[in-house]
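Input: a single structure, listed below in structure tokens.
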Amino acid sequence: MSEDIELKKFKLELESYIAENFQADDYQAFDADSAGDDFAAGSAPRRRADLLPPIMLCCALPQFDKIDFKHMYDEERGETFSEMLLRLIKESGEKNSDIYKRANIDRRHFSKIAGNANYRTSKETALAFAIALQLDFDTTQEFLATAGYTLTKNNLADVIVTFFIERKIYDIFLVNEYLYEYKQPLLGG
């Protein structure tokens, strides 16, 4: 019963906030009292659609079609995973083939990554390249971030990989041996 009262209060607070901050001529606030027994203890709303209009209205803001999200993305995106990978290989002074072989990645997979600046890679592939490039922990985190990943302490595979990186042990086969022992996904391709 108290959860239903709290939910009703929350919805009213949300509606009040939207009414104060949302600037639209056709906006009508949701009236919890007129919703009848939708908020009665133990009963489900009569129709799910009864709860949708306020949410739908706040998601359909007319000013959103005037924002150029693609332009904003292009200006703010920074270096992609593929771009950073190629830059780090160049800075290492080694050949591409030396790095992708050390990362346990085949030539075709590497070509796909290198040929597409917006290539979406797996975390295991990104970590394999970090090991092959012998990146320190901070650079590995930065490198992973370009692919949308991070090393965390609540993921066993991440803890194992971090252990090796912090000790500057960059043998992918040794890393994979321990990942396999702990039943974690292997690095590379």
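The values are calculated or read from the model by the stated rules, or taken from the named source; none is laboratory data. Keep in mind it's a predicted model, so treat the numbers as computed, not measured. Quick reminder, even Gly has a Cβ in these numbers, built from the backbone with ideal geometry, and neighbours come from all protein chains shown.
Taking the condition in contact (Cβ under 8 Å) with a residue 24 or more places away in the chain, farther than 25 Å from Glu181 by Cβ and among the polar types (S, T, N, Q), does Thr146 pass?
Yes, satisfied.
Identify the residue in segment 140-163 that is among the aromatic types (Phe, Trp, Tyr) and buried (at least 18 other Cβ atoms within 10 Å of the Cβ) and, among all such residues, is nearest to Thr121 (Cα to Cα).
The initial filter retains those residues of segment 140-163 that are among the aromatic types (Phe, Trp, Tyr), namely 143, 149, 163.
Subsequent filtering for residues that are buried (at least 18 other Cβ atoms within 10 Å of the Cβ) retains 143, 149.
Details: Phe143: 12, Tyr149: 10 Å.
Filtering segment 140-163 for residues that are among the aromatic types (Phe, Trp, Tyr) and buried (at least 18 other Cβ atoms within 10 Å of the Cβ), the one nearest to Thr121 (Cα to Cα) comes out as Tyr149.
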Residues being over 22 Å from Met84 (Cα atoms), of a type in the set (A, V, I, L, M, F, W, C), in a helix (DSSP H, G or I) and touching a helix residue (DSSP H, G or I) at 6+ places or on another chain (Cβ under 7 Å) - total across segment 165-189: 2
Selection within segment 150-179 - free of Cβ contacts under 8 Å to residues at least 40 places away in the same chain and among the hydrophobic types (A, V, I, L, M, F, W, C): Leu151, Leu156, Ala157, Val159, Ile160, Val161, Phe163, Phe164, Ile165, Ile169, Leu174, Leu179
Count of residues meeting criterion [among the β-branched types (Val, Ile, Thr) and in contact with an Asp or Glu (Cβ under 8 Å, 6 or more places away or on another chain)] in segment 106-130: 0
Residues of segment 78-111 classified as at pLDDT 95 or above and either in contact with a strand residue (DSSP E or B) (Cβ under 9 Å, 6 or more places away or on another chain) or among the polar types (S, T, N, Q) (or both), total: 6
All positions within segment 165-180 that are crowded, with 18+ Cβ neighbours inside 10 Å and under 19 Å from Asp138 (Cα atoms): Ile165, Ile172, Val175
Members of segment 128-161 found to be assigned to a helix (DSSP H, G or I), under 17 Å from the mean Cα position of the chain (by Cα) and under 22 Å from Gly93 (Cβ atoms), listed by number: Thr140, Glu142, Phe143
